[in-house]
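Asks: For reference, the structure I am asking about is given below.
The values are calculated or read from the model by the stated rules, or taken from the named source; none is laboratory data. Just so we're clear, the structure is a prediction, and the values are computed from it rather than from any experiment. Cβ placement follows ideal geometry from the backbone for every residue including glycine, while neighbour counts extend to all protein chains displayed. Side chains included, ligands, DNA and RNA excluded: accessible areas come from the protein's heavy atoms. Shrake-Rupley method; radii C 1.70, N 1.55, O 1.52, S 1.80 Å.
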Amino acid sequence: MAARRAARARARAPARPTHFLCIPLLRRQLAHNVAAFRADVTNINSAAPLPPSAVRPPGTMHITLGVMNLAEPARLERALELLRQQQRQRQRQSRLCLTLKGLRAMQDPAATGVLYAPPADVEGQAAGGLRAYCEAVRRAFIEEGLMEPDGRPFVLHATVVNTAHVKRGRGERLMLDARGLLEEYAEHVWLDRHEVRSLAICRMGAQPKGTEGDEAYEVVEEVRV
């Protein structure tokens with residue numbers, strides 16, 4: 001009986017994501033600022049130093065539009081074709097720019113595992129242009145049945161800290177009281193007036209890159225927009 005219940009639960013559970021859709025962000029300015037942040041918050045002389053593995057490597061920086069299970073070759077090909085359609089639809093439209101400024105918590109700032117830099121439209125751009133574009137792209141993948149709506153508010157974010165990458169005892173996760181960090185970095189500019197140049201589908205699971213401790217996600221396909 002227990003085995004049958006477990007089997008039914010697995011059948012109802014959504015398939016584990018294998019890929020994600022994103023706006024890549026790696027730029028020299030952002031890499032420099034993330035490296036400086038890491039040096040600051042992991043300093044053993046600071047009030048509450050973070051483990052270095054909690055700070056995401058510069059090569060992993062992106063804005064996530066959604067996650068997908070593309071384990072089946074047919075689903076992957078559909079997703080890639082839809083990505084190419086987004087490229088064709090953006091032609092002759094005005095460019096979008098964004099600025100990453102500040103630091104926010106995904107959960108209660110007094111007990112959170114994820115801190116992120118929120119993107120915003122650059123001044124002079126059509127109001128809500130960046131968010132409207134991201135929501136439209138995301139909606140296209142949901143309507144195609146490639147991306148599952150999870151019912152939570154869609155938050156544009158570039159993850160800076162994620163304690164899920166800190167190795168601890170099984171089932172344990174480091175939770176941070178990030179209130180001081182959020183106040184300290186409230187006006188910090190990570191990336192200024194960055195032009196949104198591409199969309200990409202990447203494979204889940206960052207891999208080592210180079211010899212400086214950086215990591216990057218495998219890009220399955222990237223298109224200019």
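Asks: Quick check on this structure: which one of Asp108, Asp40 is at pLDDT 90 or above and out of contact with any Ser or Thr (no Cβ under 9 Å at 6 or more places or on another chain)?
Replies: Asp108
Asks: Follow-up question, since we're still on this one. Somewhere in the stretch 189-200, is a residue part of a loop (DSSP other than H, G, I, E, B) and either more than 19 Å from the chain's Cα centre (by Cα) or not hydroxyl-bearing (Ser, Thr, Tyr) (or both)?
Replies: yes
Asks: Looking at the stretch 185-222, which of its residues are in contact with a helix residue (DSSP H, G or I) (Cβ under 7 Å, 6 or more places away or on another chain), open to solvent by less than 80 Å² (accessible area, probe 1.4 Å) and either modelled with pLDDT under 90 or not aliphatic (A, V, I, L, M) (or both)?
Replies: Trp190, Asp214, Glu215, Tyr217, Glu221 - these are the residues of the stretch 185-222 that are in contact with a helix residue (DSSP H, G or I) (Cβ under 7 Å, 6 or more places away or on another chain), open to solvent by less than 80 Å² (accessible area, probe 1.4 Å) and either modelled with pLDDT under 90 or not aliphatic (A, V, I, L, M) (or both).
Asks: With the requirement that a residue be over 30 Å from Val189 (Cα atoms), touching an Asp or Glu at 6+ places or on another chain (Cβ under 8 Å) and either in a loop (DSSP other than H, G, I, E, B) or open to solvent by 50 Å² or more (accessible area, probe 1.4 Å) (or both), what does the stretch 45-83 give you?
Replies: Residue satisfying the conditions is Arg78 alone.
Asks: Just to be sure I understand the filter: pairs with C-beta atoms under 6 Å, separated by 6 or more residues or on different chains, first member in the stretch 117-141 and within 18 Å of His62 (Cα to Cα), second member at pLDDT below 95 and part of a helix (DSSP H, G or I). Which pairs pass?
Replies: Taking only residues 6 or more apart or on different chains, the pairs are Asp121/Gly129; Asp121/Leu130; Val137/Gln86.
Asks: Looking for something open to solvent by 80 Å² or more (accessible area, probe 1.4 Å), touching a strand residue (DSSP E or B) at 6+ places or on another chain (Cβ under 8 Å) and charged (D, E, K, R) - is there at least one such residue anywhere in the stretch 165-182?
Replies: There is no residue in the stretch 165-182 that is open to solvent by 80 Å² or more (accessible area, probe 1.4 Å), touching a strand residue (DSSP E or B) at 6+ places or on another chain (Cβ under 8 Å) and charged (D, E, K, R).
Asks: Sticking with this structure for a sec: Evaluate the following for Ile142: is it surrounded by 18 or more Cβ atoms within 10 Å (Cβ to Cβ) and in contact with an Asp or Glu (Cβ under 8 Å, 6 or more places away or on another chain)?
Replies: Here the answer is no, as Ile142 does not meet what is asked.
Asks: Restricting attention to the stretch 118-126, does a residue exist that is at pLDDT below 95, acidic (Asp, Glu) and open to solvent by less than 80 Å² (accessible area, probe 1.4 Å)?
Replies: Within the stretch 118-126, one or more residues are at pLDDT below 95, acidic (Asp, Glu) and open to solvent by less than 80 Å² (accessible area, probe 1.4 Å).
Residues checked against (1) hydrophobic (A, V, I, L, M, F, W, C); (2) within 23 Å of Glu222 (Cβ to Cβ):
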position: Met68; (1), (2): yes, yes
position: Ala79; (1), (2): yes, yes
position: Gln86; (1), (2): no, yes
position: Leu103; (1), (2): yes, no
position: Thr112; (1), (2): no, no
position: Cys134; (1), (2): yes, yes
position: Leu146; (1), (2): yes, yes
position: Phe154; (1), (2): yes, yes
position: Ala158; (1), (2): yes, yes
